[in-house]
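Colleague: My questions all concern the structure below.
Laboratory data are not the source of any read-out in this text; all were calculated from the coordinates shown. Bear in mind that the values here come from a model prediction, so they are computed numbers and not experimental data. FYI the Cβ positions are ideal-geometry reconstructions off the backbone, even for glycines, and counts take in every protein chain you see.
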Amino acid sequence: MSRIVFGVTGGIAAYKSLDVVRCFKKQHQNIDIICILTEDATKFVQPLSFSTLSGNDVLTDLFSPRKTPVHIELAKSDLIIVAPATYNFIGKIANGIADDLLSCVIAASKCPVLFVPSMNSAMWENPILVENIKKLKKYGYYFLEPDTGALATLDVGKGRFPCTDFIVEEALCLLNTLKKLSSKKVLITAGKTESYLDPVRCITNNSSGTMGYELASAAKFQGADVTLISGPTAITPPNVEVIKIKTVEELKNKTLKYASHADILIMAAAVVDYVPLSYSANKIKSSSNSISIKLQATPDILKLVKTKNKELFTVGFALESDKHLENAKIKLKSKLLDLIIVNDVSSISALDTQLTLINKNMKVKKLPLLSKKEAAGKVLNWIIEEYISSSKTV
Ligand SMILES: Cc1cc2nc3c(=O)[nH]c(=O)nc-3n(C[C@H](O)[C@H](O)[C@H](O)COP(=O)(O)O)c2cc1C
């Protein structure tokens, strides 16, 4: 989950920045948005609107008592956007002034800062502002050019707040350069497998595929080149390469094929452990009271893949009904995994899940009950941390 500090200063376009926050929140759920309003911004817009749209408290006060000063905490974000950025605020930052919460966050931060200036065209052309922007660009601050058109006073000129989509796109590009998995290939398996007894009956399970799909979209967001091998599901896949499979055999073959090019494998598919030994080309008749079906164990795909790709960072899932940690630790070792994620059988088609993560050194991290989207974000962060510390550079 990335965190953006979204600063709003006292310009007439402050109301337009509400739409930018709304757009981030609606389209990019993996981004946490913290809004900071300057005192003068609150004369144009209400903090309440920003807190509702961002889903977080809005901050305005530098001096709220806390263990860690709030500006130092927020300085550790992934991106700071100031939209709109007033003539006054740009001048303050260019001259090293830090006398309110937003300017202090910027002063204390090493993350990229994107200014979206908006003002009357005469202010925009003022040589003092031109100098200030030049100076800030020299120090690595980013600026979006304002649009030309009708201004608040109905004069026509340069200084209009750019459109929402443009701001969001530019901000995401900036965030992309910080992606932790850029240029990495991540292979994810998701959903259930089906093994047919006859043309209409199969042995399968209730997996919805949600967790694997959420992990795929979280990995894509972190800049990874994602391939998703998916069993049958009713959900829409994220915008990644999707390979559809049905049977365990297909899953095994595709996973082996794609794993040889991958840096990380996350095996979230719920593979059936036993498949029918034989297949009846004709539908099995319901003439007798009982029939016997002989089942055979499915191959251990994870172990097979890991044996052939020793360098591959491999993450498995354990779905348990009892002795969760004990069973997961055994699985972690026997399948040669780098990480295992344990969940209870009750979570298989549920909306929320409570996960426990165990790494190779048997370090255990328990997550609270979360939506599968939130859980996927946290799991991916831990995978990235462990991947980095396993001496493979990201
Ligand atoms: C009605 C009105 C509209 C304003 N619009 C803008 C504007 O669009 N851009 C700007 O740079 N300043 C604008 N100002 C001036 C700023 O509000 C003023 O410089 C303020 O001190 C900025 O505070 P801040 O930068 O701390 O948020 C406007 C002022 C008023 C009264």
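Colleague: Just want the answer: with Cβ charges of +1 for Lys and Arg and -1 for Asp and Glu, which residue in ASN343, ALA281, ALA234 is farthest toward the dipole's positive end in the chain?
Modeller: The residue sitting most towards the positive pole is ALA281.
Colleague: Which whole number in µm²/s is D for segment 1-99 by Stokes-Einstein, with the Kirkwood Rh taken over Cα pairs at 4 °C and 1.567 mPa s?
Modeller: Answer, rounded: 94 µm²/s.
Colleague: OK, next. Label ARG201 and ASP352 with points 7 Å out from Cα along Cα→Cβ: what is the distance between them in nm?
Modeller: Taking the simple label geometry, ARG201 and ASP352 are separated by 3.8 nm.
Colleague: Output the pairs from LYS257/LYS335; LYS285/LYS323; LYS179/LYS244; LYS179/LYS360 with a Cα-Cα distance over 30 Å in this structure; if there are none, say none.
Modeller: Those over the limit are LYS285/LYS323.
Colleague: Would you mind getting the Kirkwood hydrodynamic radius of segment 185-389 from its Cα pairs, rounded to one decimal in Å?
Modeller: This gives a value of 17.5 Å.
Colleague: On the first, second and third principal axes, largest extent first, how far apart are the outermost C-alpha atoms of segment 2-176 in Å?
Modeller: The principal-axis extents, from largest down, are 46, 34, 33 Å.
Colleague: What are the extents of the Cα atoms of segment 106-160 along their three principal axes, in Å, largest first?
Modeller: 38, 19, 14
Colleague: Per the Kirkwood definition applied to all pairs of different Cα atoms, how many angstroms is the hydrodynamic radius of segment 173-257?
Modeller: In segment 173-257 this quantity evaluates to 13.7 Å.
Colleague: Report for the chain the percent antiparallel among DSSP-assigned beta bridges with both residues inside it, nearest 5.
Modeller: Restricted to the chain, the bridges split so that about 30 percent are antiparallel.
Colleague: Obtain the nm distance between the two label points defined at MET123 and GLN46 by a simple spin-label model: each point lies 7 Å from its Cα along the Cα-to-C-beta direction.
Modeller: So the two model labels end up 2.4 nm from each other.
Colleague: If you fit an axis through the alpha-carbon atoms of helix 14-27 and take the longest principal axis of the Cα set of the chain, what angle between them do you get, 0 to 90°, nearest 10?
Modeller: Result, in degrees: 10.
Colleague: Which whole-percent values make up P(r) of segment 148-213 when all C-alpha to C-alpha distances are grouped in 10 Å steps starting at zero?
Modeller: Pair shares across the bins are 15, 19, 20, 15, 16, 9, 6, 1.
Colleague: Restricted to Cα positions, what overall size does the chain have along the principal axes? Three whole-Å values, descending.
Modeller: 88, 43, 36
Colleague: Roughly how many debye, to the nearest 20, is the charge dipole of the chain about its Cα centre, given +1 on each Lys and Arg Cβ, -1 on each Asp and Glu Cβ, and no other charges?
Modeller: Rounded to the nearest 20 debye, it is 1540 debye.
Colleague: Determine ³J(HN,Hα), in whole Hz, for all residues of segment 334-344 in sequence, where each value follows from phi through the Karplus function 6.51 cos²θ - 1.76 cosθ + 1.60 and θ = phi - 60°; x replaces Gly and Pro.
Modeller: My calculation for segment 334-344 gives 5, 9, 6, 7, 8, 8, 10, 10, 9, 9, 8 Hz in order.
Colleague: While we're on this one: Sort TYR387, TYR196 so that the residue with the fewest other Cβ atoms within 10 Å of its own Cβ comes first and the one with the most comes last.
Modeller: Fewest-to-most ranking of TYR387, TYR196: TYR196, TYR387.
Colleague: Another question about this same structure. Please order ASP338, ASP61 by the number of other Cβ within 10 Å, starting at the fewest.
Modeller: ASP61, ASP338
Colleague: Further question on the same structure: Would you give the gap between the C-alpha center of segment 1-31 and the C-alpha center of segment 217-283, rounded to a whole Å?
Modeller: 36
Colleague: With no solvent and one equal point scatterer placed on each C-alpha of segment 188-235, evaluate the Debye formula and give log10 I(q)/I(0) for q = 0.22 Å⁻¹, two decimals.
Modeller: Debye output, listed in q order: -0.74.
Colleague: Normalise the Debye intensity by I(0) for segment 50-115, one equal point scatterer per Cα, no solvent, then take log10 at q = 0.12, 0.19, 0.29 Å⁻¹ and round to two decimals.
Modeller: -0.31, -0.79, -1.44
Colleague: Arranged by the count of other C-beta atoms within 10 angstrom, fewest first, what order do ILE72, ILE203, ILE341 take?
Modeller: So the residues, fewest neighbours to most, are ILE72, ILE203, ILE341.
Colleague: Follow-up question, since we're still on this one. When the helix-only estimate is applied to the chain (DSSP H runs of n ≥ 4, each -39,500 (n - 2.57), divided by the residue count), what is the mean residue ellipticity at 222 nm, nearest 500 deg cm²/dmol?
Modeller: So the calculated ellipticity at 222 nm is -10000 deg cm²/dmol.
Colleague: How far is it, in nm, from the label point at VAL242 to the one at SER287 when both lie 7 Å from their Cα along the line to the Cβ?
Modeller: 4.2
Colleague: Using DSSP, restrict attention to beta bridges with both residues in segment 185-389 and report what percent are antiparallel, rounded to the nearest 5.
Modeller: In segment 185-389, DSSP labels about 40 percent of beta bridges as antiparallel.
Colleague: Taking a cut-off of 19 Å, what percent of all Cα-Cα pairs in segment 310-376 are separated by more than that?
Modeller: Result: 29 percent of Cα pairs exceed 19 Å.
Colleague: Continuing with the same structure: Mind checking segment 329-368 for trypsin sites (Lys or Arg not before Pro) that DSSP puts in a loop (not H, G, I, E or B) and that have at most 16 other Cβ atoms within 10 Å?
Modeller: LYS360, LYS363
Colleague: Taking K and R as +1 and D and E as -1, what net charge do the other residues with C-beta under 15 Å from the C-beta of PRO162 add up to?
Modeller: After counting each charged neighbour, the total is -3.
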